[in-house]
Amino acid sequence: MRKKYCLLILTFMLLTRCSEKKECCVQPEQSTVTLNFTHHWNELQITPQDFNEIKFTNENGEQLSIEKLRYLISNISLLDAKNHHLIDVGENAGTSITIPELTDESYTLSFRFGFSNEDNTDGTYQDLNSASFSVPEMLGGGYHFMQFDGKYIDNNNEASGFNYHTIRAVDRTDSDNLKFEDTSFEINLGTIVVANTTEIEIKMNLAEWFKNPNTWNLNELNTVLMPNFEAQKMMRENGETVFSLGVVN
Amino acid sequence: MKKPYIYFFAFFLFTFCSSKEEEIYTPVPYSLKIPALFADKLIAPIIPADNPLTEEGVALGKKLFFDKKLSGDNTQACASCHSPKKAFTDQQQFSAGVQGEFGARNTMPLFNLAWNFEERFAWDGKEFGLEQQALEPVSNPIEMHANWNLVVQKLQESTEYPTLFLRAFGTSEIDAKLVTKAIAQFERTLISGNSKFDKYLLGETSLTQEEQNGFNVFMDEAKGDCFHCHGSNNNPLWTDNAFHNNGLDGTFQDLGFGAVTGDPNDNGKFKSPSIRNLAFTAPYMHDGRFATLEEVINHYSEGLQKSSTIDPLMKRVNEGGVHLSSQDKSDLKAFLLSLTDREFINNPNFQE
C-alpha cells in the first residue's frame, strides 16, 4: 500500500514539474547559420582545381593564374564578440563558418575585409602568427588582409609572378614618421532572416580586384605592392565591389 | 553453507586485484618546456591524443633514438645521421646507409617539430605525422635497412626494453607502433628557441648594426622578402612548413612534393626549412647543393631558375633575382647566424 502511495506522489510531482516547465520556459527558436564563402571569376565559380593554370583574363586584358589565395575577414555581425577568420581558398580551409544557436529573427549581415586599425595590432593573434600572415614592422606591423599570388603573361609574353598583397596602407616618405591609412573596409550584405538552418553564400568575385574603379595593369603593378601606398589605396577601392550576397536558403 | 563460498570468492577477488595492481604503472606526464616567445606568439604544439608525452615515453624514445639495434646490422641509430651537436643533421650532402648507399636528399635537422601544424614531414612531405615518419628510415634499404619484425624481436629479447615499454605504455609487448610512438615523443621535446635573436626579441640583448640591417633585408619585400616563407619576429619557427619551388632548377630530376601529391603543379617543390641553427646544418637545400650560406644567398639574389612551378614570391626571375648589394648579403648572413642556438645543441637532455 505504501509503495502505491509513493508511486502516485512521484508521478504527480513529475507531471506538475513537466507542465510547469512548459509554461515557464518557452525559449525562442534558435538556428544554426553557415556562411559559405565561394570564389568566382565573374560568372565562373573557382575551386582549388582551377588554381595554377593561366586561364583567367583581367579587365586590362592580361591572362593570369591563381596560385595562392588567403584573406582575412573580421567582426562578422552575426557573432557577438570580436572575431576574425582566415580563409585559405587553395587549401579549402576556413571557407565555411558555422554560427550555432542564433535566435530566429532578422539580422544585418556585415563583416570587415581585413582588420580595422584598432584590431590590427602587431603579433597579438596566435593563429595568424602561426599562419605566417604578419606584416613587417617596417610597414607598421599588423597583418596581411589578403595574399593573392599567381602568374600573368607579361608584355614579353612570358609568365611572371604577381603578389597582390593587401595590408594597411603606409606612406614611408618619411621613414621616421610613417603615415597610415586604414584600407580595411566593411562589407554590408543587407538584411537576412534566420529561421531553421540557414545557409548563406558570400561570393568573392576575384575579377573585381583588377577592375573597378581602377583598371589594374599587372605589367606595372605586380610585386612589392605592400610598401606601395598608392597601390594599397587602389586595391582598397577595387575591393569595395568584390563581395556580394549569393544564395540564401 | 553459503558463507564459506562468499569468503573464498572474496579472497580470490582480492588476490587477483592486488596482483593486477602491481602490474599497472601510470607514467608521469611530461611537461614540455615551451619557450616564452613560442607560448606568446604561436598556437599550441601538436601532441596526438593517442600519444601524450610522458617522462617514461620520452626517456624510452631517447634511448631508442640512439640505439643501433634499430638498424639491420646494428651499426646505425637515428642519431647516426641526426647528431645533436649538429642540430640533428650530419653535415653531409647525402648520408650513407648501413650498406654504404647514399640517398638523394640532405638530412633534415630536427627541432620544433611539434609546431609543424600541417604535420607533413620530410623534404617532400611524404610522411604524415611524426610517428609515421619514424617508421620509414628503419626499413628503408638505403638507410637503416632493417626488418621491423627483427628490430622488435631484438628489443623484446633485451633485458631492459620490455620493462621500459611496460612503464611507458602499459605493456611489455613491443611492436613497431610503440617504438615510433616513443621516438616521436622524444622528438617533440627537441625545442630550439634560445638564440641571440630570441634574446633580442625578449629585450635581453641588442643586435649589431649588421644583424639589424640583415633582419631588415630579410623582412623587406623589395630586397630579401624571406619572411613570406621563413617566418618573422611574430613566427619564431622561422618557417611556414609549406612547400615551395624556390627556383633551384629549370627542369626537375627530383619532383619533390609533386611525386607525393601526383599533381604536376607541385613538381620541384620542397619544404621550407627553418632558418634556425644554420651554423650547424650545412650543406643547404633538399639536395645539399650549397656548401655555404653565401651560396644560398647568392642563389636567391642572382641564381633563380625559371620553371612553370616557380613560386610567384620569387622576384625578378628573368634577372636571376633581386641582386642584393654585397653589404646586404653580408648583413643578411649576420642576421641568419643570430638564430644560432648553442644551448640547443649542447642540451644534456638531447645527448646520448
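Could you pull out the residue among B:E204, B:E210 that is out of contact with any His (no Cβ under 7 Å at 6 or more places or on another chain), of a type in the set (D, E), farther than 25 Å from B:A39 by Cα and at pLDDT 95 or above?
Working: B:E204 fails: farther than 25 Å from B:A39 by Cα.
Of B:E204, B:E210, the one residue that is out of contact with any His (no Cβ under 7 Å at 6 or more places or on another chain), of a type in the set (D, E), farther than 25 Å from B:A39 by Cα and at pLDDT 95 or above is B:E210.
Got a number for residues in region A:195-228 being within 14 Å of another protein chain (Cβ to nearest Cβ) and buried (at least 18 other Cβ atoms within 10 Å of the Cβ)?
Let us first name the residues in region A:195-228 that are within 14 Å of another protein chain (Cβ to nearest Cβ), namely A:218-219, A:221-228.
So of that shortlist, the ones also buried (at least 18 other Cβ atoms within 10 Å of the Cβ) come out as A:218, A:221-228.
Residues meeting the conditions: 9.
If I go through region A:79-109 residue by residue, how many of them are outside any strand (DSSP E or B) and modelled with pLDDT under 95? Steps first, please.
Quick first cut of region A:79-109, residues outside any strand (DSSP E or B) only: A:79-83, A:89-92, A:94-95, A:104-105.
From what is left, the residues that are modelled with pLDDT under 95 are A:79-82, A:104-105.
Residues that pass the stated criteria total 6.
Out of the residues in region A:229-240 meeting the condition of being touching a helix residue (DSSP H, G or I) at 6+ places or on another chain (Cβ under 9 Å) and surrounded by 15 or more Cβ atoms within 10 Å (Cβ to Cβ), tell me which one is nearest to the other protein chains (Cβ to nearest Cβ). Reasoning before the result, please.
Going residue by residue through region A:229-240, those that are touching a helix residue (DSSP H, G or I) at 6+ places or on another chain (Cβ under 9 Å) are A:235, A:238-240.
Filter again for surrounded by 15 or more Cβ atoms within 10 Å (Cβ to Cβ), leaving A:235, A:238-239.
Details: A:M235: 15, A:N238: 19, A:G239: 20 Å.
The selected residue is A:M235.
Part of a helix (DSSP H, G or I) and among the polar types (S, T, N, Q): is that true of B:N246 in this structure?
Details: part of a helix (DSSP H, G or I): no; among the polar types (S, T, N, Q): yes.
In short, no.
Which residue, of A:F162, A:F243, is within 14 Å of chain B (Cβ to nearest Cβ), buried (at least 17 other Cβ atoms within 10 Å of the Cβ) and aromatic (F, W, Y)? First the steps, then the outcome.
Numbers: A:F243 fails: within 14 Å of chain B (Cβ to nearest Cβ).
Just one listed residue meets the conditions, A:F162.
Does at least one position in region A:54-61 carry a residue that is within 11 Å of another protein chain (Cβ to nearest Cβ), touching a Phe, Trp or Tyr at 6+ places or on another chain (Cβ under 8 Å) and in a loop (DSSP other than H, G, I, E, B)? Even if it seems obvious, please write down each step before you answer.
Taking region A:54-61 and keeping what is within 11 Å of another protein chain (Cβ to nearest Cβ), we get A:54.
Remaining after also requiring touching a Phe, Trp or Tyr at 6+ places or on another chain (Cβ under 8 Å): A:54.
Add one more test, that the residue is in a loop (DSSP other than H, G, I, E, B), and what stays is A:54.
Scanning region A:54-61, I find at least one residue that is within 11 Å of another protein chain (Cβ to nearest Cβ), touching a Phe, Trp or Tyr at 6+ places or on another chain (Cβ under 8 Å) and in a loop (DSSP other than H, G, I, E, B), so the answer is yes.
Tell me, which strands (runs of 3 or more DSSP E) wholly within region A:110-176 include 1 or more residues that are among the acidic types (D, E)? Break it down into steps so the answer makes sense when it comes.
Values: elements: A:146-153, A:159-166, A:169-171.
Ranges flagged: A:146-153, A:169-171.
Quickly run through region B:217-240 and pick out the residues that are assigned to a loop (DSSP other than H, G, I, E, B) and more than 9 Å from chain A (Cβ to nearest Cβ).
Restricting attention to region B:217-240, the residues satisfying the condition of being assigned to a loop (DSSP other than H, G, I, E, B) are B:220-226, B:231, B:233-234, B:236-240.
Within region B:217-240, B:K223, B:G224, B:C226, B:W238 meet the criteria.
Determine which single condition A:F145 fails, assuming it passes every other condition in (1) buried (at least 20 other Cβ atoms within 10 Å of the Cβ); (2) within 10 Å of chain B (Cβ to nearest Cβ); (3) within 20 Å of the chain's Cα centre (by Cα).
Failed condition: (2).
Write out, first by first residue and then by second, each pair whose Cβ atoms fall under 9 Å of each other, whose residues are 6+ apart or on separate chains, and whose first residue, in region B:188-207, is farther than 12 Å from B:N233 by Cα while the second is surrounded by 18 or more Cβ atoms within 10 Å (Cβ to Cβ) and modelled with pLDDT under 95.
none
Being modelled with pLDDT of 95 or more, among the aromatic types (F, W, Y), part of a strand (DSSP E or B) and crowded, with 20+ Cβ neighbours inside 10 Å, is that true of even one residue in region B:270-280? Spell out how you get there, then give the answer.
Within region B:270-280, the subset modelled with pLDDT of 95 or more is B:270-280.
The next check asks that each one be among the aromatic types (F, W, Y); those that pass are B:270, B:280.
Checking which are part of a strand (DSSP E or B) leaves us with B:270.
With crowded, with 20+ Cβ neighbours inside 10 Å added as a condition, the list becomes B:270.
Yes, region B:270-280 contains at least one residue that is modelled with pLDDT of 95 or more, among the aromatic types (F, W, Y), part of a strand (DSSP E or B) and crowded, with 20+ Cβ neighbours inside 10 Å.
I want to confirm something. Restricting to region B:241-269 and keeping residues that are of a type in the set (D, E) and facing chain A (nearest Cβ under 10 Å), which single residue is surrounded by the fewest Cβ atoms within 10 Å (Cβ to Cβ)? Break it down stepwise before answering.
Taking region B:241-269 as the starting set, the residues that turn out to be of a type in the set (D, E) are B:249, B:254, B:263, B:266.
The next check asks that each one be facing chain A (nearest Cβ under 10 Å); those that pass are B:263, B:266.
Values: B:D263: 16, B:D266: 21.
Per the stated criteria, the residue is B:D263.
What do you reckon, is A:N188 at pLDDT 95 or above and assigned to a loop (DSSP other than H, G, I, E, B)? Explain how you work it out, then say what you get.
Details: at pLDDT 95 or above: yes; assigned to a loop (DSSP other than H, G, I, E, B): no.
No, not satisfied.
Regarding B:V28, is this residue surrounded by 19 or more Cβ atoms within 10 Å (Cβ to Cβ), at pLDDT 95 or above and either over 30 Å from B:S158 (Cβ atoms) or among the β-branched types (V, I, T) (or both)?
Working: surrounded by 19 or more Cβ atoms within 10 Å (Cβ to Cβ): no; at pLDDT 95 or above: yes; either over 30 Å from B:S158 (Cβ atoms) or among the β-branched types (V, I, T) (or both): yes.
So B:V28 fails the test.
I'd like to know if region A:31-39 contains one or more residues that are farther than 30 Å from A:L218 by Cβ, assigned to a loop (DSSP other than H, G, I, E, B), away from chain B (no Cβ under 14 Å) and at pLDDT 95 or above.
Kept after step one, since they are farther than 30 Å from A:L218 by Cβ, are these residues of region A:31-39: A:31-35.
If we keep only those that are assigned to a loop (DSSP other than H, G, I, E, B) as well, we get none.
No, the conditions are met nowhere in region A:31-39.
For region A:165-194, which residues satisfy the criterion of being within 14 Å of chain B (Cβ to nearest Cβ) and closer than 30 Å to A:T34 by Cα?
Residues satisfying the conditions are A:H165, A:T166, A:I167.
How many residues are closer than 25 Å to A:E220 by Cβ and part of a helix (DSSP H, G or I) when one looks only at region B:295-318?
The number of residues fulfilling the criteria is 5.
Since A:K151 meets every condition but one in (1) touching a helix residue (DSSP H, G or I) at 6+ places or on another chain (Cβ under 9 Å); (2) surrounded by 21 or more Cβ atoms within 10 Å (Cβ to Cβ), which condition does it not meet?
(1)
List, please: which pairs have Cβ atoms under 7 Å, are six or more places apart or on different chains, and start with a residue in region B:314-342 that is within 14 Å of chain A (Cβ to nearest Cβ) and within 16 Å of B:S274 (Cα to Cα) and end with one that is modelled with pLDDT of 95 or more and buried (at least 20 other Cβ atoms within 10 Å of the Cβ)?
If the second residue must be modelled with pLDDT of 95 or more and buried (at least 20 other Cβ atoms within 10 Å of the Cβ), the pairs left are B:F335/B:E211; B:F335/B:G214; B:F335/B:F215; B:F335/B:F218.
The values are calculated or read from the model by the stated rules, or taken from the named source; none is laboratory data. The structure presented is a predicted model; accordingly, all values stated were derived computationally and were not measured. Note: ideal-geometry Cβ built from the backbone for every residue, glycine included; neighbour counts use all protein chains shown.
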